[in-house]
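Here the structure is laid out as structure tokens; the discussion comes afterwards.
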Amino acid sequence: MTIWSNHYNRNAVRPPAGPEATDFSPEPMDDPLSPQRAAEDHLLKAQLVGRIDALLKERGLKQIEAARLFGVRQPDVSKMLHGDFRQFSVERLLRFLVALGRDVEINIRPHAGAGKTATLRIA
């Protein structure tokens, strides 16, 4: 095992060289930086923001009131509602839903679809 340097982690372990190096090919979802993973994360966040937006409208809350409720600044709420929500994690968006009086339940169950990959979805 060789220790090598890269700009992300100075003590990263270099993957093995030779034939065994080609044996490992991660699934797209195994790589948090893959375009597929980024797109799925973005879609998940968009669905959560859509629910937050609907609840704000339903309750007649202004952005400044939502900002106080969420513990963020009003410009951040505005950006979020206009599609710029990269700064918010899925967990934080879930906490916004809780602040809006919603119970959030994460249900983990065995995957039932034969031949299909497991999913992460908002119900």
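The values are calculated or read from the model by the stated rules, or taken from the named source; none is laboratory data. Everything quoted here is computed from the prediction, not taken from an experiment. Please note: Cβ atoms are built from the backbone with ideal geometry, for glycine as well, and neighbour counts cover all protein chains shown.
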Check every one of the helices (runs of 4 or more DSSP H) wholly within segment 5-123 and list those with 3 or more residues that are under 20 Å from the mean Cα position of the chain (by Cα) and at pLDDT 90 or above. 35-59, 74-81, 90-99
Any hit, segment 77-87, residues being more than 13 Å from Ile52 (Cβ to Cβ) and small (Gly, Ala, Ser): no
Glu40 vs. criteria more than 20 Å from Arg121 (Cα to Cα) and surrounded by 13 or more Cβ atoms within 10 Å (Cβ to Cβ): no
